[in-house]
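Here is the structure we will look at.
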Amino acid sequence: MTMIRVTVRYLGTFSQLAGRREETVELEEGATVELLARRLVQAHGRELKRRLEDASTRPVLFVVRERAVEPSHLLADGDEVLLTYPAGGG
């Protein structure tokens, strides 16, 4: 099976939860953002899981190639994925 590598960059609160600002994750070719999120939860624990699943209070953004993507988005080798909250405004 062919593997791909993506770089995950954690912004704000997510860097504290992951204990780092970025990391490289290896996934199977054809992996989605949803699969990546599950891997990150396995690696970084319950609090990250809670934040990712609690979209009712503050939605989480996964940004690939400078645009927000859905969980079903297919990742490609070399992608950079930003994990953040949307910027507030008003």
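Computed from the coordinates by the stated procedures, all read-outs in this text should not be read as laboratory data. Just so you know, these numbers come straight off a predicted model, no measurement behind them. Ideal geometry is used to build each Cβ from the backbone, glycine not excepted, and the neighbour counts take in all protein chains shown.
What to note about this one:
- Exposed loop sites here are GluC sites (Glu not before Pro) assigned a DSSP state other than H, G, I, E or B and surrounded by at most 14 other beta carbons within 10 Å; excluding them, the longest clear run of the chain is 30-65.
- Computed over the chain, the Cα gyration tensor eigenvalues convert (square root of 5λ each) into semi-axes of 21, 15, 12 Å, ordered from largest to smallest.
- A full extension of the chain between Y85 and T24 corresponds to an added length of 19.9 nm, given 0.36 nm per residue minus the alpha carbon distance.
- Where labels lie 7 Å past Cα in the beta-carbon direction, separation of T13 and E53 in nm: 1.6 nm
- Using C-alpha pairs below 8 Å separated by at least 6 residues, the relative contact order for the stretch 3-84 is 45 percent.
- Working note: Karplus 6.51/-1.76/1.60 with θ = phi - 60° gives the stretch 10-21 the couplings 9, 10, x, 3, 5, 5, 5, 5, 7, x, 6, 9 Hz, where Gly and Pro are set to x.
- Relative contact order computed over the stretch 1-45 (Cα-Cα under 8 Å; 6+ residues apart), in percent: 41 percent
- Charge dipole of the chain about the Cα centre (unit charges at C-beta), most positive-ward option of V81, L11, A31: L11
- When exposed loop sites are taken as trypsin sites (Lys or Arg not before Pro) in a DSSP loop with at most 16 other Cβ atoms within 10 Å, the longest stretch of the chain clear of them is 22-64.
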